[in-house]
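Below is one structure, written out as structure tokens; comments come after it.
Where a number appears in this text, it was derived from the coordinates with a stated rule and is not lab data. What you are looking at is a predicted structure, and each value in this text was computed from that prediction instead of being measured. Every residue, glycine as well, gets a Cβ built from its backbone with ideal geometry; the counts of neighbours run over all protein chains shown.
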């Protein structure tokens, strides 16, 4: 069977989709997995501020529609880009092992969050990151910046910004993690729900050669599923449905399970008297 994987067309998205395709090929060598790059609303409007978008899922809706229209059998998403409200007829087929969920800071002259000078400009397209930076360093100036990793690094080298905050997982998958000067701990920078993971998504509304989708695309996706390591996902889903956090929202609440330990931590970044603060609390 030829299995088409809908994906965004950026270098990072293609790298992540190829990881999924490779994992699926190992599990199903009898199938041919091919990438189908598509442009999403967010890709077509690079100047759009994520905080001002009138709709959720600006990086996934076109991929979802490709599934529903039969132009792809699976779609590959960064989990943090998924909307909080499920799309009828689509399911989450599986997750690959989660990469580092933390954010990193890349500063000029190898600066860190603590050593950046006053009024330094920190580039980020995420109000969530800007709010948490303000909680630690209210003297810094967040600067809205969009674009792929190379574009953002170019802005840094040109002096448009003095530092960048990016996801560690993205840099790692591009082989550029060495550009990071500081890994920001969870008690400083709470990541977006699902950050560091990407999922394969099949449709449940189509059949393949007369077979039910549960025995075709869904089973193909589940063969490369690493969900046992992804126990926090249902908890994130519960929180997301109540609070509707995203990769860009300022306030965030999340659960982290520590590897090898039966421990769960809740972290939050919430407004207080016009200022933002972050805190982490051990729950069990």
Query raised in the report: Between residue 187 and residue 110, 0.36 nm times their residue separation minus their Cα-Cα distance comes to what?
Result: 25.6 nm
Query raised in the report: Taking neighbour counts of Cβ atoms within 10 Å as a proxy for exposure, in what order, fewest first, do 103, 81 appear?
Result: 81, 103
Query raised in the report: Label points 7 Å out from Cα along the Cβ direction at residue 158 and residue 119: separation in nm?
Result: 2.3 nm
Report task. Starting from the Cα-Cα distance between residue 139 and residue 176, subtract it from 0.36 nm times their residue separation and give me the gain in nm to one decimal. Result -> 10.4 nm
